[in-house]
Amino acid sequence: MDEPSTERTPLVIAAEINKIKQEMYEERCTACCQTIADAFQELLETLGQLARLDPAVKEKCSKDASQLVEYMVERLKEWPPVPKTNMRTVETYATHERW
C-alpha cells in the first residue's frame, strides 16, 4: 500500500511559515486593538471628570481626541500605502487587494 508522502518540500515549509507569521500578526493586531479600546475607555472617563472640573478644557481635549481618531480612521482606510513614483510613464499598483 502506498502511504501519502510526508516529505516537507520547500513550498510546504514556506506555507507553514507564512501561516505562523499570519497568526502572529493577527495576534498583534488583536492586542493593539485591545490597547486602543482600553485607552479609549480611559479617555472617556478622563473627559467625564474634566467636564465636571472645566467644561472649556474638556471641549478642547475632546476636539483634539476627535481629530486624532479621524486621522487614525483615514490612515486605516489607505493602509498599506500604494508606492508612488515621480516617473510619469511608470504605473504603480497596490500590493494587495483593496475591498
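The values are calculated or read from the model by the stated rules, or taken from the named source; none is laboratory data. Note that the structure is a prediction, hence the values are computed from the model and not measured. Positions of Cβ are generated from backbone atoms using ideal geometry, with glycine treated the same way; all protein chains shown enter the neighbour counts.
Which numbered condition trips up Thr46, out of (1) more than 21 Å from Met72 (Cβ to Cβ); (2) modelled with pLDDT of 95 or more; (3) surrounded by 11 or more Cβ atoms within 10 Å (Cβ to Cβ)?
(1) is the only condition that Thr46 fails.
Name the one entry in Ala14, Ala51 that is of a type in the set (Gly, Ala, Ser), modelled with pLDDT of 95 or more and surrounded by 10 or more Cβ atoms within 10 Å (Cβ to Cβ).
Ala51
Given the conditions (1) at pLDDT 95 or above; (2) in contact with a Pro (Cβ under 6 Å, 6 or more places away or on another chain), which single one is not true for Thr92?
Going through (1) at pLDDT 95 or above; (2) in contact with a Pro (Cβ under 6 Å, 6 or more places away or on another chain) one by one, Thr92 breaks only (1).
Could you tell me which numbered condition Val73 fails, if it satisfies all but one of (1) surrounded by 10 or more Cβ atoms within 10 Å (Cβ to Cβ); (2) of a type in the set (Val, Ile, Thr); (3) modelled with pLDDT of 85 or more?
Only one criterion in (1) surrounded by 10 or more Cβ atoms within 10 Å (Cβ to Cβ); (2) of a type in the set (Val, Ile, Thr); (3) modelled with pLDDT of 85 or more is unmet by Val73, namely (1).
Taking the stated definitions as given, is Ala56 closer than 19 Å to Cys32 by Cβ and over 13 Å from the mean Cα position of the chain (by Cα)?
Criteria not met by Ala56.
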